[in-house]
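What follows is a set of notes on a single structure, which appears directly below.
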Amino acid sequence: QGGRLSLRGGSLRDDPVKLVYDATRSAGLGIGLTKDKLGNHVVKKLAKGWPAEQSGQIQEKDIILEVDGSAVFNLDTNALLQTLRGPDGSSVDLLLQRGTEGTLVEVTLTRQPIPTKTHTGDDKSAATALLSNTFASATASVGSLGESVMGLVSRKGKGGS
């Protein structure tokens, strides 16, 4: 009633969507993620030259179980990516599961700055690709929210609830 759309306890009128640059999350590890059929966060790709790849301690297909002592299974992929980011030079502790036998691997990595400019030339860096994917994902999320809101506004104007 009243034309308000509730979003996690608030409404669009009360809690406008804000896109904010967070300098405390401006560095990362160079890990690309996917989810497997069981909902585990699996390392899909390691960006060349980034801390995860340079350490030699993380492998594609490793499952991330914990970040800084907190279980990550219930996080969506974007939330986990944000958890992996932090201030430049800060460290992050990961607990990984490797292989079919489930060997546990503990790794501590130091974050490095995420580039903010697109590189030019024939060879795009993996870091730029990861950054582009992040922005594309955020844009898609905001776009989907906008489409949902416009659909509700449109229905309200046509006698919808």
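Assorted remarks:
- Hey, residue 57 in a strand (DSSP E or B), farther than 20 Å from residue 115 by Cβ and either open to solvent by 30 Å² or more (accessible area, probe 1.4 Å) or of a type in the set (Val, Ile, Thr) (or both) or not: no
- Applying a threshold of 8 Å to beta carbon distances and a minimum spacing of six or more residues, or different chains, the list of pairs starting in the range 49-78 at a residue that is touching a residue at least 60 places away in the same chain (Cβ under 8 Å) and ending at one that is part of a loop (DSSP other than H, G, I, E, B) and hydrophobic (A, V, I, L, M, F, W, C) reads 50/29; 51/29.
- Filter result (open to solvent by 70 Å² or more (accessible area, probe 1.4 Å) and at pLDDT 95 or above) within the range 71-89: 71
The values are calculated or read from the model by the stated rules, or taken from the named source; none is laboratory data. None of the values given here were measured: they were computed from a predicted structure. No Cβ is skipped: glycine too gets one built from the backbone with ideal geometry, and neighbour counts run over all protein chains shown. Heads up: the accessible areas ignore ligands, DNA and RNA and are worked out on the full protein's heavy atoms, side chains in. Shrake-Rupley method; radii C 1.70, N 1.55, O 1.52, S 1.80 Å.
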